[in-house]
Each structure stands twice: as structure tokens, then as C-alpha cells.
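The values are calculated or read from the model by the stated rules, or taken from the named source; none is laboratory data. Just so it is clear, the structure is predicted and the values come from calculations on it, not from any experiment. All Cβ positions, even for glycine, are placed from backbone atoms using ideal geometry, and neighbour counts span all protein chains on display.
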Amino acid sequence: MNDRLTSLKEMLELSFSRYITVVNTGFKLPFGDSQIFPALTVSLSSFSSARTLYQNKKPVCRSLDAQTSIKNNKSCLVCLLKNQCTPQIYLELLYDGIPLKLVLAFTSLKNFIYFLNTFNSNMQTNLVFTMSVINRCSWGEIRFVKNI
């Protein structure tokens, strides 16, 4: 019975989360059909440090502020596995007025930091830009381009 409740809870959490999935050929949105978009024009609502603990290539714990786990509300500072976490950046985006979430992997994180540096001190939220995916065979690397 407990396993059914856990599965139901996970299904509900997934239905309310709106994470963009990055594949080697583009982006999958968490609604509609399974169409892959090679590029998305989005507005940046916010961004923050994040971290994810992977085991067997699957995320088992995540923090969207690099301080507190969203899985069990545990502090990252006291976690015995904190040194095994992958540093990431968490983006909150708007696409056609729909709020979406994106957690950047290392190479895309590096590209996002470079992209932000092109703004110097004029960086603001609600910035509109285009994201596209560079095909790296088994994975996709995101690049960011400001809209003029």
C-alpha cells in the first residue's frame, strides 16, 4: 500500500512540475505532444544555483537553491553526500506565457554564464532570448543568444 502512495505522489509531483527536457536534437516541453523544438524563445524570470545528486545516472536528490533538498527539505550543508552533488544552475523561464523550469548541465551552465557576462551590469530578469541545442550525439548542449 505504501508503494502505491509513493508512486501516486511522484506522479502528482511530475504532473505539476514543468521541466523542459533537453535531448540531443532540441527541447521537449512538458505539455502537448512529444514534439521536439530545435529552439525556444523565452523570457528569463529568475535563476539560481542548484545541485543534484545522481546515483546510477539518475537524480535522487535535488536542491533548486543549492541549500535545501526539495525531496526531503534537508539542509545541503549537513548532508553527508554533498560532495557528490553536481553543481548546476536552475532557470525559471516563460515560454508563450507558460512558466517552465530548466536545470542546466555543466556545459550548458558554462554557456549560460558566458551569455550573462555579455550583459555586463545591464542584466535584468524578463530578458528575452533564444535557446537552441547543439547536438553532441548522445546529449544536447544549450546555447543562448540574445534577441535584438
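Among the residues of the stretch 74-86, is there at least one that is in contact with a Pro (Cβ under 6 Å, 6 or more places away or on another chain) and either in a helix (DSSP H, G or I) or modelled with pLDDT of 90 or more (or both)?
no
Among the residues of the stretch 65-110, how many are over 13 Å from the mean Cα position of the chain (by Cα), hydroxyl-bearing (Ser, Thr, Tyr) and within 17 Å of residue 40 (Cβ to Cβ)?
1
Could you go through the stretch 130-140 and let me know if any residue there is within 17 Å of the chain's Cα centre (by Cα), of a type in the set (S, T, N, Q), surrounded by 15 or more Cβ atoms within 10 Å (Cβ to Cβ) and closer than 15 Å to residue 29 by Cα.
Yes; the residues of the stretch 130-140 include at least one that is within 17 Å of the chain's Cα centre (by Cα), of a type in the set (S, T, N, Q), surrounded by 15 or more Cβ atoms within 10 Å (Cβ to Cβ) and closer than 15 Å to residue 29 by Cα.
Tell me whether the stretch 130-138 contains one or more residues that are among the polar types (S, T, N, Q), under 19 Å from residue 39 (Cβ atoms) and touching a Pro at 6+ places or on another chain (Cβ under 7 Å).
There is at least one residue in the stretch 130-138 that is among the polar types (S, T, N, Q), under 19 Å from residue 39 (Cβ atoms) and touching a Pro at 6+ places or on another chain (Cβ under 7 Å).
Please determine whether any residue of the stretch 123-145 is acidic (Asp, Glu) and in a loop (DSSP other than H, G, I, E, B).
Within the stretch 123-145, none of the residues are acidic (Asp, Glu) and in a loop (DSSP other than H, G, I, E, B).
Could you grab me the full set of residues in the stretch 43-66 that are part of a loop (DSSP other than H, G, I, E, B) and touching a helix residue (DSSP H, G or I) at 6+ places or on another chain (Cβ under 8 Å)?
Matches in the stretch 43-66: 66 only.
Before we move on, is residue 5 over 30 Å from residue 96 (Cα atoms), assigned to a loop (DSSP other than H, G, I, E, B) and at pLDDT below 95?
No; evaluated as a whole, the condition is false for this residue.
Touching a residue at least 60 places away in the same chain (Cβ under 8 Å) and touching a helix residue (DSSP H, G or I) at 6+ places or on another chain (Cβ under 9 Å): does that describe residue 30?
yes
Out of the stretch 84-106, which residues are surrounded by fewer than 17 Cβ atoms within 10 Å (Cβ to Cβ) and β-branched (Val, Ile, Thr)?
Result: 86, 98.
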